[in-house]
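Enquirer: The structure under discussion is supplied below as structure tokens; questions concerning it will follow.
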Amino acid sequence: MIAELGLAALWLAAALAAMQLIGGATAQHNEESDLALLVRPVAILQGLLALFAFAMLMWLFAVTDLSVKLVAENSHSLKPLIFKLSGAWGNHEGSMLLWVTVMSCAGALIAAIEHRLPEKTMRATLAAQGFVALGFYAFLLFSSNPFERLPQPVPEGLGLNPLLQDIGLAFHPPTLYFGYVGLSVAFSFAVGAMITRQVTPEFARVMRPWVLGAWVFLTLGITAGSYWAYYELGWGGWWFWDPVENASLMPWLAATALLHSASVLAARDALRAWTIMLGVVAFSMSMVGTFLVRSGILTSVHAFAVDPERGSFILALLAIYIGGALLLFALRASSVAEGQRFALTSREGALVFNNVMLSATLGIVLLGTLYPLVTEAFDVRVSVGPPYFNPVGAIFVLPMLMVMAVGPLLRWRWDRFERVRLPIAILVALVVTTAVVIALTSDIGVLPLLGLSLAGVLAIASFLPLRGRKLWRTPIATWGMVIAHFGIAVALFGMASESAFTSERLAAVNPGDTEHVAGWDVTLQGIEPVAGPNWTALEATLVAQRGSGDVVTLHPQSRNFWAPPQQTTESALLTRWDGQLYAVIGGQAQDGRWQLRLWWKPFVTLIWYGGLLIALGGVLAIIGRLASDLKRRHIRAQAQQRRADRAGRAVGEAA
Amino acid sequence: MSGLKAKHQRLVLIVIALVVLISAGLLAAWSLRNQASYFYLPDQLLENPPETGQPVRLGGMVAAGSLQTLPDGVTISFAVTDQKEARVPVRYSGILPDLFVEGSGVVAEGSLSADGTFIATNLLAKHDENYVPRELQEMSEHQAAKMAEETTVGLK
């Protein structure tokens, strides 16, 4: 019954999405038609219905209804409740339902509260939102129905992939989806603005919180995903240039470019067409990401199931939306009037540089990710990894970071280079000095060297925009920018330090043996079997000590899950302020020794702290923007009130 | 640039963006040709070996009875076969991936050393019941159906 309710809600929501599309389209010709007036309420109702359908799916998973195919295939009655619930979106169908739910709720939200844009633009935006949602409803209902029943209920479920039975999974995919969907809202706004030719600073202001929000979620999702891969896979790496990782990085790059160009449009009414273009590109990257992950077309540890039909469905959706949007762009771009001009040395100039470099980086990642697909067509199999992505990406990222240090110091529109010459000279001198000092004192690669020397300077430069300001009167959004830029510096330092100074030790040890890595003495005390709710494991007891410091115990495991049967390695981490000790226990050799792998990774945690800082910066920017929007609305309301009072008094006096 | 007319500024921006993006594309194409690591089956690797030290991927089956742990306890050697004659000796130092056993499919990342041994830096085995290295999947179609059956137990 629950499953049928969910399915009915889904069909109804799909019908409402179609209505939203038609209503929004007719509104372009007749603004007062009945259908046009219904667009907003329909969007809200559609969001509620999708939410209801998703709640029904959660319910099915919570009670482990084994007559539903999806539950039977992905859940197990013995799983802890939190993993039962997160199992609802830890699979293809459920995750697509989550996607469409979040999207409809976002549509409902803008329908309910957004009144700054002309009504015609809003209806066009909601029509675009309905159109996108309709495609995903069709996808769900025709090729991945999450509520499908089994002819016969099964006695027990198959369980969830143990690699995914992790608290990280409960939050990682939803976070990324919030990001993808936020970009779909930006896309709808861009389409709405294009259709009604309203590419204005107001449009950028309305779109910006959505872009910022999407960007914050993507940042968090990427950070969490990276940390998950780091401790769960037990390979000691934090980024593998895996297609699915790239699938989340590409929308992030596009969203980063978009939020900067939207800022230019909002503040200075420049970069109109470029912002629209980026809005389309950013959502395309979300779709490409979904396509890569869901179709299983590329080799990836994340690809759930290979299903060509679903792959082609998403590809078709991608072609319709992106092709349509690009066509619209081609038709309307010439009618988008040129915005305000600006000099090369100006904040706009720096932001354009940042945008172009981000787009180039995006192109590099996209080509590298798709290249294996292209060669496969010629029957040549290749894989593309760090030897390609790291150096080629750095060619564009490093200059961008240098400009990032200086850009916020420049004035809008036009600035004299002489004004910022001193800070630039100091920063350059600092970069060069650090680089030379590091190069002379240690033997590390070019990229880590550049990364380390840039990171320190960036960290200082990110606070320069606060110079000469009263700190408590600085707008919150400016604080957001400062903190996000500082976060980039922190993460960059972590990445460079990890790749330059990691030490590794791999050995076969008997209980009682001691191994040494980067000043740590690690002793294997023993190995005991332990058991969890749905696994058994061999757990090593390691005693680690650095110099004469505290003695700490670590417990890496080699786990065996039984539903479904699978072995995983659980790494053990020991965090200190200056890095992490990472221990993995392997199998037992014939002679009885155990394989032990140890890493000391200096400052590796800064990578993820940096990511969190970047996200925090984004949150502050949203708060700052929303606060000033509210203030502006309040002032406008007050002015209106005063005018009404005055008019009232005038009427009174006349009478 | 402030002296330019609005139309010209837009043109200049477009040209700059295009130049950067096209050069990024060319750079990507050029380095992809050099940096992409090619996938080899055992017989291809023997017939037409890549240069020593060039990163490539080798995919096949872990030959039955070939898995050995060397005296240091952390290095293993095994042979990758295509279940016909071709056998490539592989050496790997590190913790074996979960589900790595004789007779299972494997993709080894690494390079060929001068003595003809493949030095693996990373081994990719089957991760879970839904995931098989794609190269192995394809191989099963036009090469050894039996191998696929063994390596893809539980796959639909």
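Please treat every number below as a calculation from the coordinates, not as lab data. Keep in mind that this is a model prediction, so the values were computed, not measured. Cβ: placed from backbone, ideal geometry, glycine included. Neighbour counts: every protein chain shown.
Enquirer: In peptide A:363-371, what is the residue-averaged number of other protein chain Cβ atoms found within 10 Å of each Cβ?
Expert: Details: counts 7, 6, 1, 2, 7, 5, 0, 0, 6.
Average neighbour count from other chains, rounded to a whole number: 4.
Enquirer: Whole-Hz ³J(HN,Hα) for each residue in the range B:108-123, computed from phi via Karplus 6.51 cos²θ - 1.76 cosθ + 1.60 with θ = phi - 60°, x for glycine and proline: what do you get?
Expert: Once rounded to whole Hz, the list reads 9, 9, x, 8, 7, 9, 4, 7, x, 8, 8, 8, 8, 9, 7, 10.
Enquirer: Arrange A:ASP591, A:ASP521 by Cβ neighbour counts within 10 Å, fewest through most, would you?
Expert: By the 10 Å Cβ count, ascending: A:ASP591, A:ASP521.
Enquirer: Here's a follow-up. Taking H placed 1.01 Å from N in the peptide plane, check which residues at least 5 places from A:SER346 or on another chain put their amide H under 5 Å from its amide H.
Expert: none
Enquirer: Let me confirm the definition first: pairs of Lys residues in the protein assembly as shown, 8 or more apart or on different chains, C-alpha distance under 20 Å. How many are there?
Expert: Values: A:LYS69/A:LYS79; A:LYS69/A:LYS84; A:LYS69/B:LYS156; B:LYS84/B:LYS146; B:LYS126/B:LYS146; B:LYS126/B:LYS156; B:LYS146/B:LYS156.
So the count of such lysine pairs works out to 7.
Enquirer: Related question: State, as an integer percentage, the relative contact order of chain A based on alpha-carbon contacts under 8 Å between residues 6 or more apart. Show your work: numbers first, answer last.
Expert: Details: 1147 pairs, mean separation 74.4, N = 655.
Relative contact order of chain A: 11 percent.
Enquirer: Could you give the nm distance between label points at A:GLU309 and A:LEU109, where each point is 7 Å from its Cα heading toward the beta carbon?
Expert: Those two pseudo-labels are separated by 3.4 nm.
Enquirer: Taking H placed 1.01 Å from N in the peptide plane, check which residues at least 5 places from A:GLN566 or on another chain put their amide H under 5 Å from its amide H.
Expert: Answer set, sorted by chain and number: A:PHE561.
Enquirer: Okay, moving on. Can you give the mean number of other chain Cβ atoms that lie within 10 Å of the Cβ atoms in peptide B:25-35?
Expert: Mean number of neighbouring Cβ atoms from other chains: 6.
Enquirer: Please give the charge dipole size of chain A, origin at the Cα centre, charges +1 on K and R Cβ atoms and -1 on D and E Cβ atoms. Round to the nearest 20 debye.
Expert: Numbers: 44 positive and 40 negative charges, 660 e Å.
Dipole size: approximately 3180 debye.
Enquirer: Pop a pseudo-label 7 angstrom from the Cα along the beta-carbon direction at both A:ARG469 and A:GLN152 and give the gap in nm to one decimal.
Expert: That separation, rounded to one decimal, is 6.9 nm.
Enquirer: Continuing with the same structure: Divide by every residue of the protein assembly as shown the summed helix terms, -39500 (n - 2.57) for each DSSP H run of at least 4, and state the resulting mean residue ellipticity at 222 nm, rounded to the nearest 500 deg cm²/dmol. Intermediate values should be presented prior to the final figure.
Expert: Working: 21 runs with 469 residues, N = 811.
About -20000 deg cm²/dmol.
Enquirer: For the range A:191-297, with the dipole built from +1 on Lys and Arg beta-carbon atoms and -1 on Asp and Glu ones, taken about the Cα centre, which of A:TYR227, A:GLY192, A:TRP210 lies farthest toward the positive end?
Expert: A:GLY192
Enquirer: Compute the Cα gyration tensor for chain A, then decide on rounded, prolate or oblate, letting a ≥ b ≥ c be the square roots of its eigenvalues: rounded whenever a/c is under 1.5, prolate when a/b is larger than b/c in the other cases, and oblate in all that remain.
Expert: Note, shape of chain A comes out oblate.
Enquirer: Please give the charge dipole size of the range A:503-602, origin at the Cα centre, charges +1 on K and R Cβ atoms and -1 on D and E Cβ atoms. Round to the nearest 20 debye. Walk me through the intermediate numbers first.
Expert: Values: 7 positive and 10 negative charges, 41 e Å.
So the dipole magnitude of the range A:503-602 works out to roughly 200 debye.
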